[in-house]
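*Asks:* Before I ask anything, let me first share the structure, which is written out below as structure tokens.
The values are calculated or read from the model by the stated rules, or taken from the named source; none is laboratory data. The model shown is predicted, which means the values in this text are computed figures rather than measured ones. Using ideal geometry, Cβ is built from the backbone for each residue, glycine included, and neighbour counts are taken over all protein chains shown. When the accessible area is computed, the model is the full protein with side chains, heavy atoms only, and any ligands, DNA or RNA have been set aside. Shrake-Rupley method; radii C 1.70, N 1.55, O 1.52, S 1.80 Å.
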Amino acid sequence: MDGNFPPAAILRVVLLTVVLSSSAAFLEPYDLLYDNAVQAFYSSDYGDVVRYMEGALSSYGEVRRTKVRCRLRCQDQHQFDETFSDLRFFDVVLRRAACMDECIEEKLGTQSVHKVSQDVVQDFHRRIPYNYLQLAYQKLKQPDKAAAAAHTYFQANPEHVEMGQNLEQYKDLQGVEEDHFVDREARPHQHSFTAAVRLYDKGDYERAIALFEDALLEYYKADVECRALCQGPQRFEGHDHLRYRYSLHELISDHFTQMLHCEHECVRDLATRPGRLSPMENYLPLHYDYLQFAYFQVDRLEEALQCALSYLLFHEGEEFMTDNVDYYSEVLGHNGEPREKAAWYLRRHKQELELLLIGSKTMGVEFTEGNYWSSTGGRDDSNRIPSGTDGWMEYVPISEKRNVTVAAPQKLNEGGPLVYESVQLVQNSAALNGTQRVLLDHVISEEECAELRHLAHAVTMAGDGYRGRMSPHTPNEKFEGATVLKTLQYGYEGRVPMRSARLFYDISERARRIIESYFLLNSTLHFSYTHLVCRTAITGQQDHRNDLSHPIHADNCLLDPEANECWKEPPAYTYRDYSALLYLNGDFEGGEFIFTEMDAKTVTASVKPRCGRMVGFSSGGENPHGVKAVTSGQRCAVALWFTLDPLFRELERLQADEVIQALDTQSVWGQGLSINPKDEL
């Protein structure tokens with residue numbers, strides 16, 4: 001070794017030393033362990049990948065448990081009483097805060113020393129560490145652990161086509177058993193519920209009851225933990241904390257409003273499976289529906305009555321369950337009471353639950369003639385028997401409350417003029433097996449492709465557009481990018497020819513005009529974002545690739561393959577209407593652009609990039625798409641997104657327009673350039 005270390009590595013070591021130096025008992029920061037694991041991955045040190053990544057996951061879980069424990073303990077020790085006053089309120093708030101800091105610092109160290117970025121937090125929420133782990137375990141010839149990591153990742157990323165295929169391959173490997181495919185991040189309340197439903201469907205009611213009861217206990221426990229995690233620092237949408245100028249009371253009001261919003265989301269979160277966007281319909285009440293019928297089947301009518309009454313707390317007056325209650329009460333000879341826990345929970349969280357219950361379908365089978373059976377299995381209309389759930393569940397869009405679903409696309413116009421003589425139509429929507437799709441060739445020349453590739457090598461930066469993350473879509477490729485304004489800045493500074501920077505601007509305008517004309521749009525198409533991007537296969541990491549260069553997605557909505565929906569809501573760029581990709585080369589392996597069905601699996605069309613080729617399409621759920629793995633070489637393109645709404649025009653594009661206007665003025669009048677693109681950034 002030559003003894004030279006990059007500054008980032010030195011900083012990690014120093015920071016880790018500072019955080020850990022005060023006490024050997026302190027927990028190692030999971031983001032630093034995660035970063036070390038990623039660096040080890042790029043160095044092909046798979047033993048260290050496992051060591052650091054498993055340590056990061058363990059640390060992440062312990063941080064969460066510590067925060068929950070401390071917040072609940074301090075909340076119990078310092079409660080708000082009924083005699084409310086400003087002084088008493090602030091006293092409780094300050095004491096509770098001091099208690100939490102002291103409790104958490106016993107395990108984690110001084111909190112002010114180290115803060116974890118939101119990017120890392122999101123990676124752990126999306127289970128990205130398990131993608132690295134399954135690759136590392138695969139390299140280390142530990143297929144059982146690789147299968148578990150792959151399965152865990154896939155549960156939260158069901159649209160990841162290659163991972164699904166990889167899981168099928170693991171099933172055929174020697175030494176890999178069915179019980180190796182475990183979800184290491186499974187939530188106990190959902191795990192127990194799913195297992196209970198399977199037993200219920202098999203008629204194994206005794207064991208199903210035990211698991212349903214476990215699921216309820218775990219649900220209420222998870223609810224408490226979720227709300228405890230809401231007590232920490234909040235992110236104020238649209239506010240800069242450093243310049244927050246409101247009064248103390250307004251600041252506190254905003255903080256507690258954010259806390260209430262966070263707690264409000266707990267009900268949805270607990271009913272939503274990993275990787276899904278929508279909750280399971282009627283989730284909590286469904287436990288009591290299953291239980292009432294299961295208890296009936298094992299002749300425990302007291303418990304059946306109690307659970308039926310608990311269900312009616314959530315669905316007051318529902319006919320099939322009201323009839324069940326009447327039956328149980330008649331047979332037992334007395335009325336009953338709902339479960340105390342269910343009644344308490346509903347009193348506290350009635351409004352939150354109503355959002356999930358509005359419009360829900362009845363889970364139980366109605367009392368028709370076919371549902372009345374005697375214990376011998378024959379028809380007996382004189383003996384009513386309670387109805388039970390048929391086990392049917394689905395995901396609920398709750399469209400009554402939010403306009404989130406994307407309507408099926410209507411047949412729109414296409415086939416307008418291509419504007420430029422050289423441009424050739426290769427395939428239209430019909431040939432590409434979809435709607436609002438087009439493939440064109442000769443949009444730019446070989447010379448223009450070469451000049452833009454040369455420009456890309458000079459101006460693109462790793463992670464540009466993705467908060468500096470070198471590999472935002474896959475750890476097996478390096479991603480680099482640059483905007484139009486950035487290239488104009490480089491041209492102004494003399495770092496690249498201004499002619500090349502101007503070419504990037506001009507060809508993006510050419511692409512916009514072609515898309516606007518071909519799809520016969522009756523209003524102006526504006527730039528939403530313009531990006532010169534290159535993806536480079538990382539040498540030594542291409543064996544057994546099981547991922548995509550860019551996972552299947554839609555550009556203006558959140559793709560939900562399980563529900564066969566695309567949810568038009570943030571963080572999706574809901575204002576984007578059309579997209580285009582203009583390719584600069586084809587001398588690489590892999591990297592095909594693909595369209596799929598909304599299931600994110602069924603490929604409907606594949607496009608092999610080459611110089612001057614452009615694919616354009618509408619940005620909604622009708623056009624899910626992705627990029628196959630780039631396994632060798634570098635793939636460069638100009639990515640463009642457009643909007644019909646002028647309110648969402650790209651700010652950098654407007655600033656670039658001013659630069660170009662100044663350049664044109666200079667050309668006509670012979671004046672010096674009076675605008676510095678750097679000032680526009």
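*Asks:* Pairs, please: C-beta under 6 Å, at least 6 apart or cross-chain, first residue closer than 16 Å to Gly175 by Cα and in segment 129-142, second open to solvent by 10 Å² or more (accessible area, probe 1.4 Å)?
*Replies:* Pairs that qualify, where the first residue is closer than 16 Å to Gly175 by Cα and the partner is open to solvent by 10 Å² or more (accessible area, probe 1.4 Å), are Tyr137/Lys145; Lys139/Tyr46; Leu140/Tyr46.
*Asks:* List every residue pair whose Cβ atoms sit under 8 Å apart, with the two residues 6 or more apart in sequence or on different chains, where the first one lies in segment 49-62 and is over 10 Å from Phe124 (Cβ atoms) and among the acidic types (Asp, Glu) and the second, anywhere, is open to solvent by 20 Å² or more (accessible area, probe 1.4 Å) and assigned to a helix (DSSP H, G or I).
*Replies:* Filtered contacts from segment 49-62: Glu62/Lys107.
*Asks:* Test Phe293 against the criterion of being out of contact with any Cys (no Cβ under 6 Å at 6 or more places or on another chain) and open to solvent by 50 Å² or more (accessible area, probe 1.4 Å), and give yes or no.
*Replies:* no
*Asks:* So, one more: When residues of segment 118-135 are filtered for being open to solvent by 50 Å² or more (accessible area, probe 1.4 Å) and either part of a helix (DSSP H, G or I) or at pLDDT below 85 (or both), how many remain?
*Replies:* Summing the residues that are open to solvent by 50 Å² or more (accessible area, probe 1.4 Å) and either part of a helix (DSSP H, G or I) or at pLDDT below 85 (or both) in segment 118-135 gives 3.
*Asks:* Quick one: Val161 ticks every box in (1) β-branched (Val, Ile, Thr); (2) out of contact with any Gly (no Cβ under 9 Å at 6 or more places or on another chain); (3) at pLDDT below 80; (4) surrounded by 15 or more Cβ atoms within 10 Å (Cβ to Cβ) bar one, so which box is it?
*Replies:* Single failed check for Val161: (2).
*Asks:* Here are some residues: Val533, Val426. Which one is in a strand (DSSP E or B) and either of a type in the set (Gly, Ala, Ser) or open to solvent by 30 Å² or more (accessible area, probe 1.4 Å) (or both)?
*Replies:* It is Val426.
*Asks:* Still on this structure, please answer the following. Could you give me the residue pairs with C-beta distances under 8 Å whose first residue belongs to segment 80-104 and is assigned to a helix (DSSP H, G or I), whose second residue is at pLDDT below 80 and of a type in the set (Asp, Glu) wherever it lies, and which are 6+ apart or on separate chains?
*Replies:* Cβ pairs passing all conditions: Arg88/Asp81.
*Asks:* Which one is least open to solvent (accessible area, probe 1.4 Å) among residues in segment 488-507 that are closer than 14 Å to Glu451 by Cα and either of a type in the set (Lys, Arg) or outside any helix (DSSP H, G or I) (or both)?
*Replies:* Filtering segment 488-507 down to residues closer than 14 Å to Glu451 by Cα leaves 491, 496-507.
Right, trim to either of a type in the set (Lys, Arg) or outside any helix (DSSP H, G or I) (or both) and you get 496-497, 499, 502.
Values: Val496: 11, Pro497: 63, Arg499: 159, Arg502: 68 Å².
Taking the candidates together, the pick is Val496.
*Asks:* Pull up segment 164-199, narrow it to residues that are of a type in the set (Asp, Glu) and at pLDDT 90 or above, then point me to the one that is least open to solvent (accessible area, probe 1.4 Å).
*Replies:* Among those residues, the one meeting the criterion is Asp183.
*Asks:* Against the definition (at pLDDT below 90, more than 30 Å from Phe595 (Cβ to Cβ) and open to solvent by 60 Å² or more (accessible area, probe 1.4 Å)), how does Lys115 come out, yes or no?
*Replies:* In short, yes.
*Asks:* Right, another one. Restricting to segment 204-219, and then to whatever is in contact (Cβ under 8 Å) with a residue 60 or more places away in the chain and farther than 29 Å from Pro129 by Cβ, can you tell me which residue is most open to solvent (accessible area, probe 1.4 Å)?
*Replies:* The initial filter retains those residues of segment 204-219 that are in contact (Cβ under 8 Å) with a residue 60 or more places away in the chain, namely 205-206, 208-209, 212-213, 215-216, 219.
Remaining after also requiring farther than 29 Å from Pro129 by Cβ: 205-206, 208-209, 212-213, 216.
Values: Tyr205: 51, Glu206: 104, Ala208: 0, Ile209: 8, Phe212: 0, Glu213: 40, Leu216: 7 Å².
Restricting to residues being in contact (Cβ under 8 Å) with a residue 60 or more places away in the chain and farther than 29 Å from Pro129 by Cβ, the top hit is Glu206.
*Asks:* Additional query: For segment 526-569, name all the residues that are among the β-branched types (Val, Ile, Thr) and closer than 16 Å to His473 by Cα.
*Replies:* Initial filter on segment 526-569 (among the β-branched types (Val, Ile, Thr)): 530, 533, 536, 538-539, 552.
Scanning segment 526-569 gives Val533, Thr536, Ile538, Ile552.
*Asks:* Are there any pairs with C-beta distances below 6 angstrom linking a residue in segment 21-33 that is closer than 24 Å to Arg127 by Cα to a residue that is at pLDDT below 50 and basic (Lys, Arg), with the two at least 6 apart or on different chains, and if so which?
*Replies:* Partner pairs satisfying both residue conditions: Leu32/Arg12.
*Asks:* Considering only segment 49-63, state which residues are open to solvent by 40 Å² or more (accessible area, probe 1.4 Å) and closer than 21 Å to Lys141 by Cα.
*Replies:* Arg51, Tyr52, Glu54
*Asks:* Then there's this: Out of segment 149-158, which residues are at pLDDT 85 or above and not in a helix (DSSP H, G or I)?
*Replies:* Once the filter is applied, which keeps residues that are at pLDDT 85 or above and not in a helix (DSSP H, G or I), segment 149-158 yields nothing.
*Asks:* Next up: Given segment 541-655, what strands (runs of 3 or more DSSP E) lie entirely inside it while holding 3 or more residues that are crowded, with 20+ Cβ neighbours inside 10 Å, modelled with pLDDT of 95 or more and touching a Leu at 6+ places or on another chain (Cβ under 6 Å)?
*Replies:* 634-643
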